[in-house]
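Have a look at the structure below before the remarks.
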Amino acid sequence: MTNWAFTQGVHDIGDGVYGYVQPDGTWGWSNAGLISAQGQTLLIDTLMSRTLTRAMLDDFARVPGGARIDRLVNTHANPDHFVGNGLVEGAEIIATRETAAEMAKFDPIQFASLPDNWEKMGDAGAFLYETMGRKFDWSDLNSVAMPTRTFEKRLSIAVGDTPVELIDLGPAHTSSDTIAWLPRQRVVFTGDLLFNEGHPIMWDGPIENWIAACDYIIALEPEVVVPGHGPIADSQAVANLKAYFEYVRDETRKRFDAGLGWKDAARDINLTEFRGWSDPERIVANVFVLYRAWGARLAPEDGKDLFGEMGRYSREMAAHKESCGHDH
């Protein structure tokens, strides 16, 4: 697999297509993109804060045609892909109907208050603050601009003379996950259907849909793949993610059939094959969603405490690593 340099900012893919990359690709550090052709532009996603989005728009303003954004597509309804929408003034904002509905449930005031309130939220608040609360500036987050145009399943648009296919391959990561496919340039923007060299997190599933989405993207035979997180790459990165999900599905099923609880199952799965990937605590959420899909009896508070459980897993793994280091 050929990863592009994992460097902050604009990456010129060629023929009016640009990726915007944010190391280190972990919680909240998402990617975006821009298509510019014949005086028209399409922005793919905004970022986790207005501050970050403003910096991105300033960078894009330096590329030909990038000073004005005509249209914006939100690939899905996680805040690190839409919080900055309000800075793209006057643009048509496009999303699937499901994504728009999920975005409408987002409470920016509650989100922005996390730095002040996390200690009242137990382990979940501690993990949220550690991964996102202390790293992003939400001081001016009072509202978020919502989609003004929705579609279902597929929408074909043109940016100047560049055809763009918006294709919903969800539910998988969220209730709806849109890719932007540029057949002429053979470039695909995957949104969070691809975490490149980072553990993915499956909020909705089913896992079969995400595996099928990987197959769909690979079958397009893209030359350049811009992931939602991580470095720009080629389709081998998608194949690697598919292999991850197949492995996690099969290993989780063994433990489910053996009667192991979901928390113990998550801790029992050997992730050595993916040890270079960031955010391994996400195995907790992925196992939870698989157990839920297979009909396990799960307490309502379990779903509400996934961030707390990921935080506990992360601390346990760190303590284990430190203990092993001291042993040697």
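The test for being surrounded by 15 or more Cβ atoms within 10 Å (Cβ to Cβ), over 24 Å from residue 184 (Cβ atoms) and out of contact with any helix residue (DSSP H, G or I) (no Cβ under 8 Å at 6 or more places or on another chain) holds for residue 101. Condition check for residue 225 on (1) part of a helix (DSSP H, G or I); (2) of a type in the set (Val, Ile, Thr); (3) free of Cβ contacts under 8 Å to residues at least 40 places away in the same chain: one failure, at (1). Within region 124-131, does at least one residue satisfy the condition of being crowded, with 24+ Cβ neighbours inside 10 Å, of a type outside the set (D, E, K, R) and under 13 Å from the mean Cα position of the chain (by Cα)? There is no residue in region 124-131 that is crowded, with 24+ Cβ neighbours inside 10 Å, of a type outside the set (D, E, K, R) and under 13 Å from the mean Cα position of the chain (by Cα). Within region 293-328, being in a helix (DSSP H, G or I), more than 15 Å from residue 127 (Cα to Cα) and touching a residue at least 24 places away in the same chain (Cβ under 8 Å) holds for 293, 302. Scanning region 206-224 for residues that are crowded, with 21+ Cβ neighbours inside 10 Å and either under 14 Å from the mean Cα position of the chain (by Cα) or within 21 Å of residue 250 (Cβ to Cβ) (or both) yields 210, 213, 214. Does residue 119 fit the bill of being outside the structural domain of residue 19 (by TED's automatic domain parsing), in contact with a Gly (Cβ under 8 Å, 6 or more places away or on another chain), without any contact (Cβ under 8 Å) to a residue 40 or more places away in the chain and surrounded by fewer than 20 Cβ atoms within 10 Å (Cβ to Cβ)? In short, yes.
Residue count for region 159-200 under the criterion of being part of a strand (DSSP E or B) and within 15 Å of the chain's Cα centre (by Cα): the result is 8.
The values are calculated or read from the model by the stated rules, or taken from the named source; none is laboratory data. Small disclaimer: the values here were computed from a predicted structure and weren't measured. Cβ coordinates were reconstructed from backbone atoms using ideal geometry, including for glycine residues, and neighbour counts include every protein chain displayed.
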